[in-house]
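Step one of this worksheet: look at the structure below.
Nothing in this text is a laboratory measurement; each read-out follows from the coordinates by a stated rule. No experiment lies behind these values; they were computed from the predicted model shown. Cβ sites come from the backbone with ideal geometry, for glycine too, and all protein chains shown count toward neighbours.
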Amino acid sequence: MVGAAIIAAGRVLGCARSSPPETAGRWEFPGGKVEPGESEVAALIRECAEELGVRVEVGDRLGRDVPMGHGRSVLRVYLARLVGDDQPQPLEHAELRWLRPEELDSVPWLPADVPIVAALRPVLAAGTA
Ligand SMILES: Nc1nc2c([nH]c(=O)n2[C@H]2C[C@H](O)[C@@H](COP(=O)(O)OP(=O)(O)OP(=O)(O)O)O2)c(=O)[nH]1
């Protein structure tokens with residue numbers, strides 16, 4: 001599973017899931033499953049187009065591999081930026097929100113995202129991403 005931490009103007013795009021009921025209302029990074037034969041970067045570009053209607057440029061890895069679903073898969077998150085003037089739309093999510101470093105704890109992240117968000121905080125605060 002791959003996710004994109006899209007950063008713009010010192011903020012990251014948080015996305016609230018709309019389904020299934022077990023995860024609805026929990027926040028995540030846009031992304032999803034890597035399809036057979038697809039690279040992780042290609043999967044992120046595809047998922048950001050499907051879920052948000054935007055083009056992204058994928059950068060460095062963020063944080064560590066986080067085991068999910070009883071060890072059957074891992075979550076890998078990459079830093080990303082929007083291309084051109086593309087503006088994310090909630091095509092599949094319940095809500096999108098641009099979060100400043102001090103706002104990162106204001107939404108209930110999915111459990112797997114918690115260590116990633118911890119790794120993101122200093123990166124956002126430093127303004128180097
Ligand atoms: N996209 C995404 N999924 C996450 C994150 N953290 C986390 O625990 N997950 C979990 C939630 C879901 O159980 C699973 C992703 O499922 P999904 O429905 O978004 O992706 P998918 O590609 O399997 O979906 P589909 O398009 O095949 O329907 O990973 C995250 O930051 N981003």
Check your understanding: Going by how many other Cβ atoms sit within 10 Å of their own, how do M68, M1 line up, fewest first?
Key -> M68, M1
Study note, to complete from the structure: Summing -39500 (n - 2.57) over every DSSP H run of at least 4 residues in the chain and dividing by its residue count gives a helix-only mean residue ellipticity at 222 nm, to the nearest 500 deg cm²/dmol, of -6500 deg cm²/dmol
Check your understanding: Under unit Cβ charges (Lys, Arg +1; Asp, Glu -1), what dipole magnitude, rounded to 20 debye, does the stretch 33-87 have relative to its Cα centre?
Key -> 300
Check your understanding: In the Gaussian network model of the chain, springs joining C-alpha atoms below 10 Å, which of L44, L62, L91 carries the largest mean-square fluctuation?
Key -> L91
Review point. With a ≥ b ≥ c the root eigenvalues of the C-alpha gyration tensor of the chain, is it rounded (a/c under 1.5), prolate (a/b larger than b/c) or oblate?
Key: rounded
Study note, to complete from the structure: Note: probe point = Cα of E92 + 7 Å toward Cβ; backbone nitrogen < 14 Å; residues of the stretch 43-67 passing the test are 43-54
Exercise for review: Go through T23, V34, G69 and say which Cα lies farthest out towards the positive end of the charge dipole of the stretch 2-126; charges sit on Cβ, +1 for Lys and Arg, -1 for Asp and Glu.
Suggested key: G69
Practice item. Over the chain, calculate the relative contact order: mean separation of alpha carbon pairs under 8 Å at least 6 apart, over the residue count, as a percent. Key: 33
Review point. Residue farthest toward the positive end of the dipole of the chain, with Cβ of Lys/Arg at +1 and Asp/Glu at -1: which of V117, W98, G84?
Key: V117
Review point. Which value, in debye to the nearest 20, describes the size of the charge dipole of the chain about its Cα centre when Lys and Arg Cβ atoms bear +1, Asp and Glu Cβ atoms bear -1, and nothing else is charged?
Key: 280
Practice item. Taking the Cα centre of the stretch 74-129 as origin, work out the dipole magnitude from +1 charges on Lys and Arg Cβ and -1 charges on Asp and Glu Cβ, in debye rounded to 20. Key: 240
Exercise for review: Return the loop-located GluC sites (Glu not before Pro) in the stretch 1-72 (DSSP other than H, G, I, E, B) with at most 12 other Cβ atoms within 10 Å of their own Cβ; answer none if there are none.
Suggested key: E22
